[in-house]
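The values are calculated or read from the model by the stated rules, or taken from the named source; none is laboratory data. Given the structure is predicted, the values throughout are model-derived calculations rather than measurements. No Cβ is skipped: glycine too gets one built from the backbone with ideal geometry, and neighbour counts run over all protein chains shown.
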Amino acid sequence: MSPADGPLSRACIAGGLRTPIAHRGGALSRILPEDLGALVIRALLKRYKIAGREVCGVLAGNAVGTGGNLARLMALKAGLPEEVPAVTIDVQCASAAAALSIAAAKIASGQGDCYLVGGMESASLQPLRIYAEHDPRRALVPNGAYRTAQFAPGDVSGDAMLRGAERVMEAEQVSRAELDTFVLRSHRLAGKARRLLADAIVPVGDCRQDSGVRPQITQRLLDRLPPHFGPGTLLNAGNACAVHDGAAFLLMASDAFLQRHGLPLEARVVDACALGGNPAESPRGAMRTADFLLKRRGLCYEDLSAIEFNEAFAVIDVLFDRAHHSCLDRYNRLGGALAYGHPYGATGAILAIHLLRSLQTAGGGLGILSIAGAGGMGEAVLLHM
């Protein structure tokens, strides 16, 4: 059996589009996340000349929106027919990757032959929530209010992910120099990738470029960044990605649908998986989940042409480099979230779009995307081009 054959290989990706990724409080800060998503969906349907009535469903990730079924609201705003169902998926950072996995399973099992899959997020408009008066957690946070949900028993802190990254860095005895190497690398590669990604970006008004990419960033600047948790710690504003606004969606379909509409087949979904781990050390989830999926397929990283991990923290890069240094040339080849930023619910689809571009430059082959999520979750997807 070919490595490209898998349980999901009937599911194809025709292509994907995304908005520019903008800093919280920046160019996209007044645009509702569902409007960002609707903009991308309309552009995707226009590019591939697909009528809304031909879409079997919408699967959209969202992590910090207002709640409710935001995907449904977005689909209606995009002008899709009322008959087209839409489902919101919340696996926090891994939401859009989970959406991709679910859509692939639906297509592979014959539950539909065309889906719009991705996510949308506005960190700028993240609502402040208040625990109910009789909720025991109300006494654990100032004024009973919170922005970040609880992801693990006994921990209602808003910085659990940050503390998890610091915990992993300490456990693995990571150095500041190792972290800085990957911060600089991410910005440098992202700067070089601008032209390659240009046709995948849908302008939003005057916003046409990712705001976080700084190819001229220097070691001198990184040296001035103070540690987030105080003296003797490592996490800072350079080696932890910033939170951003943005949306990204893929057009996924069956072979028959692509052939019927004369659409390109950019890649097939070979397999996908979700995996849990220690919620106190969530950054480990990216490599752990990718390792699990590759082992299940009888593959190793050397078999891959491209690798995309969500580098929410530079320690994720360090762990990969230590374990698989010989594969670093195919890892996050276009830069990563340390440069682009991380619009939580959309990031999995952004990774997929970047993975497709990276596979194209490599001449095709197998590629994997993997992303760690809050609560110790991980999602990975294996593609073949």
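Things to note:
- D210 being crowded, with 23+ Cβ neighbours inside 10 Å, assigned to a loop (DSSP other than H, G, I, E, B) and not small (G, A, S): yes
- Residue match in the range 245-254 (condition: under 23 Å from I371 (Cβ atoms), in contact with an Asp or Glu (Cβ under 9 Å, 6 or more places away or on another chain), surrounded by 20 or more Cβ atoms within 10 Å (Cβ to Cβ) and acidic (D, E)): yes
- Single condition A78 does not satisfy, out of (1) touching a strand residue (DSSP E or B) at 6+ places or on another chain (Cβ under 7 Å); (2) crowded, with 22+ Cβ neighbours inside 10 Å: (1)
- For the residues G144, G158, the requirement of being under 16 Å from V243 (Cα atoms), surrounded by fewer than 17 Cβ atoms within 10 Å (Cβ to Cβ), without any contact (Cβ under 8 Å) to a residue 40 or more places away in the chain and not charged (D, E, K, R) singles out G158.
- First in the range 127-141 and in contact (Cβ under 8 Å) with a residue 60 or more places away in the chain, second anywhere and surrounded by 10 or more Cβ atoms within 10 Å (Cβ to Cβ) and assigned to a loop (DSSP other than H, G, I, E, B), Cβ under 6 Å, 6 or more apart: P127/T66
- Entry remark, the range 81-106: residues being under 22 Å from R260 (Cβ atoms), surrounded by fewer than 24 Cβ atoms within 10 Å (Cβ to Cβ) and either aliphatic (A, V, I, L, M) or modelled with pLDDT under 95 (or both) number 2 in total.
- Among the residues of the range 87-106, those identified as in a helix (DSSP H, G or I), over 12 Å from the mean Cα position of the chain (by Cα) and of a type in the set (A, V, I, L, M, F, W, C) are I102, A103, A104, A105.
- Of everything in the range 16-59 that is assigned to a strand (DSSP E or B) and out of contact with any helix residue (DSSP H, G or I) (no Cβ under 7 Å at 6 or more places or on another chain), the residue that is surrounded by the fewest Cβ atoms within 10 Å (Cβ to Cβ) is H23.
- The range 226-244: number of residues that are in contact (Cβ under 8 Å) with a residue 12 or more places away in the chain and farther than 21 Å from N310 by Cβ: 2
- Neighbours by Cβ (under 7 Å, 6+ apart or cross-chain): first from the range 205-221, among the acidic types (D, E); second surrounded by 15 or more Cβ atoms within 10 Å (Cβ to Cβ): D210/P20; D210/I21; D210/Y340
- Identity of the residue in the range 60-75, part of a helix (DSSP H, G or I) and hydrophobic (A, V, I, L, M, F, W, C), that ends up surrounded by the fewest Cβ atoms within 10 Å (Cβ to Cβ): L73
- L235 vs. criteria under 19 Å from A339 (Cβ atoms), over 24 Å from the mean Cα position of the chain (by Cα) and either assigned to a loop (DSSP other than H, G, I, E, B) or not acidic (D, E) (or both): no
- Tally, over the range 367-385, of residues that are farther than 23 Å from A240 by Cβ and surrounded by fewer than 24 Cβ atoms within 10 Å (Cβ to Cβ): 2
- Selection of helices (runs of 4 or more DSSP H) fully inside the range 270-385 by the criterion of at least 1 residues being over 20 Å from L100 (Cβ atoms) and touching a Gly at 6+ places or on another chain (Cβ under 7 Å) returns 337-340.
- Test result for A339, modelled with pLDDT of 95 or more and farther than 20 Å from V269 by Cα: yes
- Output for the range 170-179, where each listed residue is in contact (Cβ under 8 Å) with a residue 60 or more places away in the chain, under 20 Å from Y331 (Cα atoms) and part of a helix (DSSP H, G or I): E178, L179
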